[in-house]
1. Taking the Cα atoms only, what angle lies between the long axis of helix B:162-183 and the longest principal axis of chain B, rounded to 10 degrees?
2. Going by how many other beta carbons lie within 10 Å of each one, how would you line up B:202, A:51, A:5, fewest first?
3. Please state the relative contact order of region A:25-96 as a whole percent: Cα pairs under 8 Å, 6+ residues apart?
4. Among rounded, prolate and oblate, which fits the protein assembly as shown when a ≥ b ≥ c are the square roots of the eigenvalues of its C-alpha gyration tensor, a/c under 1.5 means rounded, and a/b larger than b/c means prolate?
5. So what is the relative contact order for chain B, in percent, with contacts set as C-alpha pairs under 8 Å and at least six apart?
6. Classify region B:92-184 as rounded, prolate or oblate, taking a ≥ b ≥ c as the square roots of the eigenvalues of its Cα gyration tensor: rounded when a/c is under 1.5, otherwise prolate if a/b is larger than b/c and oblate if not.
7. Can you tell me the orientation of helix B:59-82 relative to chain B, as the angle in degrees between its alpha-carbon axis and the longest Cα principal axis, to the nearest 10?
8. With the cut-off at 1.5 for a/c, could you classify region B:310-464 from its C-alpha gyration tensor as rounded, prolate or oblate?
């Protein structure tokens, strides 16, 4: 830990400003997907749980680490899949209007449309 | 390049992915690409972490790790894929809660593993913060899930001296944290963990179902901060940055969501909104008369209108009636009626939720009108069909300064020629406020489940 505590505090403060500025204007229709997407991002705790379990020496630490990795995996995987499903719903709209390539041209509904997965909804 | 430098580089790429994810998710155009950038960043970070000697060094631990991940994936993917669109908000709540739980566990485990006596004070502070905030997020999210899933009542749960009890428990948690800080005792930390879980529960109990989405956003932000605290404990820039990004953007998002509801955050968290007014609401409705119509009456009204606005609300979401609503709109359109949907920003269970539901039901995009676009049209609309909504069309938000929802933007259905409410009962909406519009002479009510009522209307329109 070359930087010491102050180095980490600096990183913390800068990240707080970036987090605040980066979502300055979000239309209300995207509030829910944004919440879900940032929920997936704090799943990065998975990396922390992996380190903890890797360091574990006693059975108690192993048990705690095991549960932590399990919970964090739920957070990451569930978070990204749920967000993707929500956003897929937005993609569906221009396709309905017959645009063959479903090139998301409409300002409000946007979203890239390359993916061809078929789960969710009965389109 | 040393392994340490390589690790830092990969983690830096992951962080850029997360920032792009947040940036992308705040514009409709790049939302999906943004989410993908976040997922790629996550995959890189987790994949690289496996290569660290400290992680894969002990094969026993490595097997445990892989088993835990396999179980997690086996649960999360079906859960996230199969859940109905209407149940999305509680899914987000539960995935957020487990993240908070994981952060709390990381802090607890690190605390146990710390060499005693030689620890700097700030190390313990970081651990305590992670345990406290992570636990509150876990138990709070669990209650939020239960409220939205209707395992327990969505109404605010209040009891005498609630604020005092909450303050005492809060103070107890802080005192215990200080005691743990001084003694560095593990049993005290376990008690702190338990009490923090209790705090999360009692903090959420008085918050009503309509406000739970804002609460989930707040708890999401809390989990981010707990993750950042774990990052301090583990000396990981990656965790600090990612956790803080979510913590800061989550706070801002929480504020934006409460603004969209025309309320302040403290008001949402501490006022037990909707619990007090409920009683008086049902009283009032007793001595005023409402006009309820048969499906056939309303079917004729709709079929011979020129322009109909469908105003969907929470009730439509609960009854899963979005497909039936589309059928009705199609039946009307076949008869030459102009139909559009007027969407309030906070209609449904979360802001933006209604757009998602209607898109799922294949409602044509050009029929969806946001509130600002729909309101000018109301004066030329013959029938406004309000499906399971109440507060978002309540004129009290404009007319009565004393009302709790005063100042909230609403859809001006009272300007339409006729108003039809499809409601389950006379019970007021989530805010628990009586709606004068229900007693207006131009209003007709049809009681029942939104889906059943709509399908009755579909057949009524067909035979009209």
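1. Once rounded, one gets 10 degrees.
2. In order of increasing Cβ crowding within 10 Å: A:5, B:202, A:51.
3. On the way: 48 pairs, mean separation 30.2, N = 72.
Reported relative contact order: 42 percent.
4. Prolate is the answer for the protein assembly as shown, as a/c is 1.5 or above and a/b outweighs b/c.
5. Numbers: 763 pairs, mean separation 62.8, N = 464.
This gives 14 percent for chain B.
6. It comes out oblate by the Cα gyration axes.
7. Tilt of helix B:59-82: around 0 degrees.
8. rounded
Every number in this text was worked out from the coordinates using simple rules, so none of it is lab data. All values reported here derive from a predicted model rather than from experimental measurement. Virtual Cβ from ideal backbone geometry, glycine too; neighbours counted across all protein chains shown.
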